Every structure is written in C-alpha cells, then in structure tokens.
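Down below is the structure, laid out as structure tokens.
What follows draws every value from the coordinates through simple rules; no lab data is involved. A quick note: this is a predicted structure, and the numbers were derived from the prediction, not measured. FYI the Cβ positions are ideal-geometry reconstructions off the backbone, even for glycines, and counts take in every protein chain you see.
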Amino acid sequence: MDLFLRPGNKTRVRRFTLVCVSEERSLSGSFEELALPLFERLYNFAHWLTQDREEAEDLVQETYAKALKGFRSFQPGTNFRAWIYQILRNTFLTSRTGLKSTATVPLESESDPQILPATNDTPESVLLQRSDQQLVQDALGRLPVPYREVLLLCEFEEMSYQEISATLAIPMGTVMSRLSRARRALRDTVQELREH
Amino acid sequence: MACKAWTEKLDAYFDGELPADEARALNEHLRGCATCAAHGLAKVQQKLAVKAAGQRFTPDPALRARIQKSIAAPEPPPWRRHWLPVFLTAAAALLAAGTLFLSVQHDRRSEQQLLSELVDQHVATLTSANPVDVVSTDRHTVKPWFEGKIPFTFNLPELQGSPFVLVGGKVSYVSQSPGAELIFRVRQHQMSVFIFQERGLRETRESDAVRTALSFEVRTWRHNGLRYFVIGDTSARDLDKLSDLIKAAG
C-alpha cells in the first residue's frame, strides 16, 4: 500500500484509514436509504415478470447485489428508481425465464411509433370495475412480458413516459405505442376471460 | 377537431403527458362530448383497475432481512478485523522507530557539524597572531572582560595547583550566537574552552559526551542553560581534568 510509503505519521495513517472506512459506510448508507424503500415494489414487479416466487426472490436479491456493486457509477440527482428498475429488468431478461418469455412472444411491429387509433369498442364493453381485480390480474399475467411490464410501470408504478423510456431503454414514441397496444391487449384478454 | 382525433389523445391526457394547452382543450371537449367522455371514463377505470390489480405479490419478510443485511455497511473480513489493528500498530511502531532513527541521525549530523566548526575555530585561534582579545592569566580579569559582550556569564576555576594556565579569551560565534572562547595552556599544548547558550545552538540531544573531531579530543556538557566544549590536542586525561575543574567552578 502506498499509504505507508508516503511521509507521514500515525495520525495521518489513521485519518486516511478512517476516511476510507467512512466513505465506504457513507456510500453503503446512502444506497440503503435509496434502495430499501423500493423493496416491496421491486419484489412485486419481479414476481409479475417471473410469475414465480422463488425466481422473484432470486431476481430481487441479484438486483440489489448488482445495484450496490454498481452504485458508484450512479450519478446523484438522476432517477434512482428508473436506474434500479432497469437493473432488475435487464437481470430478468438475461435469466432463463426472461429469455424464454421474450423469445416466444412476437410483438406487433413497433417501428411505427404512432398511437393506435381508437377502437370501435363501446365504453361499456371495455369498462373494468374494481371488482374485476382478479380478472385483471389474470389478464395481466397472460399478457406478453413487454406489455405487462409497460402497463405496470405506467399504471402501478406511475412512472412518466420518460422514466419508462429510461427503464425499458426504448424511445418515447415506442413507449406510447406499446402502452396503447398493451391496453388494448389487456381489454381483449379481460373480454376473453369474461366470455369463458 | 373530430372526436377520433381527441380519443387518440386520451391515453396521454390521463397519463398526465399531454402538453398543458392541449390538455385544457381536451378537457373542454370532454365536457361537451358524451362519447369521448365515456371513452375517457373507460380509460380511467382501466387505469384504476390495473393500479389496483398491480399490487399482487408480497415479499417474505425474511427476504427483506437478507437483503437489508447484504446491503448494510460491510463488516471488515475476519482477517482484517483481527490483523488490521496489529498491522496498524506495527506500522505506527515502525514509523515511530524510523522517525526516532532519522532524528538521532539528524542530531548526530548536527553535533558533528557543530564540533567541526568549533575545532576549526580552535585551530584558527592557535594559528592566529592574536589568538585572544583579553590576555590575562587572572580569571578575575578575563571574566569581567566578557561583560556586555556576551548575553550570559560564567565562572572560571581556580587553577592554582593545577597544570593549567589561563591564557585569555575572546568572543566567538557559532550559529550566529555569541559565546566565550577561553584559551588554556597545559605544558606546550593549548586548549580552547567554548561556552555558548544552549538555545543559541542547533537543537541536539547530545549531552555529556566524549568525542573526537579531526583527531582533536573534545569534551562537552550542559550546565545551567550553557553548553561547554573543551577542545585540544593534548591527552584525554588533561581534557578530563580541565573539564572537571570548570564543572566544579559551576
């Protein structure tokens, strides 16, 4: 260690050591303050993605480990929530379940960022009541992951289009068009579940 | 604007992403258009339904505890916990020993340099045509001569019955500090006795010491804030005797 090669005395050595330790603790402390309040929501999102408790637990643990390791690269003042959700999602996408879920579900072309035109459904036919919660949950679970995640980020996490764009690493236009398709897909799925 | 164009903006409107002016215009339209208002209501209901349905899974508290533990400030590993204090103590001890060693080396160098200067002065005095400024064998003449010339006083020994003879003295300087140089003779040898204030000399830790500088014998000691140096080419025994006499005079 060059610490002991520099001229100095005992006090200096101790101060340097304490600075290192306190910096490490401070960094860890600020990460804990930012990341721990998101735990329940991160787990919920992870479970929605994996559809499995054990996998969700592994995913959340791995997310926290990766986030802590990479926390030095996080720029204070930027969006921590979008940053850690992005880590969780990327971790999921590289998992076996994530690879399978994205490989087997073809999405409609998103090259055209325009929002879908309004459907011909009557308001009554698409009206979802709060009492339909189980139905909506089942429908959400059946949606392809890209639709499920964009809906949850927008409606449940109440992220802005910009946050969603950062989390999913897609352009804003794609966020809008994917949201539009996801909402239509959800309505259709709810309709199907109702009819059966 | 036709209703179709308005309904395309409903998602962005209820997501809070529509620019303010467009949001105001759409709001106005919804107040007067039952069809668009019904579509809007359906969208709001869907948003609320998804929001409610989104909260579905609750984590095991044990998972939270595990994660909290894993992201808490890491404890130092056992080897560091046990060995770090030892390592730091050893490093501190090494530093202290190193500092002491350097300090002692520095003191030795300073002392050696001081002795060299004094020996030079002693030699210069011996080779000078006027080795002393006050020429007297009487200590009661020599001592008062220094009054007002140096910032301290000193006692001279009674030399009667000893082999030493006081030759005289002069003001000497070392490290820009004035002091007294007294010349004593023993047989054919001459010795210089330098007396300086301790604070005027370079900081050294050497106290009573017997040294040899450039083959000259040197005796040095401290007394009452003064530093004494006896330098000569005579025998060590003579130097010791003269030193004892001066010490005894206090």
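A few comments on the model shown:
- Efficiency of FRET from Cβ geometry, A:D58 and B:A97, R₀ 56 Å, rounded to 0.05: 0.55
- Out-of-range pairs (alpha-carbon distance over 28 Å; input A:K69/B:K47; B:K170/B:K247; B:K4/B:K51; B:K149/B:K247; A:K66/B:K43; A:K100/B:K4): A:K69/B:K47; A:K66/B:K43; A:K100/B:K4
- Stretch gain in nm, segment A:Q51-A:S30, where the contour uses 0.36 nm per residue and the Cα spacing is subtracted: 4.5 nm
- Förster-model FRET efficiency, 41 Å R0, A:A169 and A:E192, C-beta, rounded to 0.05: 0.85
- Along principal axes, Cα extents of region A:52-101, largest first, whole Å: 34, 17, 14
- Counted as membrane-span-like here are DSSP H helices of chain B whose alpha-carbon atoms extend 30 Å or more along the helix's own axis and whose Kyte-Doolittle mean is 0.0 or above; these are B:78-127.
- Cysteines having no other Cys beta carbon under 4.7 Å from their own, within chain B: B:C3
- Under 15 Å, Cβ to Cβ, from B:F154 - net charge with Lys/Arg +1 and Asp/Glu -1: +3
- One Cα centroid belongs to region A:159-179, the other to region B:47-63; the line between them spans 22 Å.
- Paramagnetic label zone (point 7 Å from Cα along Cα-to-C-beta, A:E158; backbone N under 12 Å) in region B:1-44: B:16
- Exposure here means at most 12 other Cβ atoms within 10 Å; with trypsin sites (Lys or Arg not before Pro) in a DSSP loop as sites, the longest stretch of chain B lacking them is B:1-186.
- Averaged over A:165-172, number of beta-carbon atoms from partner chains that fall within 10 Å: 0
- Summing charges over neighbours of B:T125, with a neighbour being any other residue whose Cβ is under 15 Å away from its Cβ, gives -3 when K and R count +1 and D and E count -1.
- Of the three principal axes defined by the Cα atoms of chain B, the extents in descending order read 135, 46, 28 Å.
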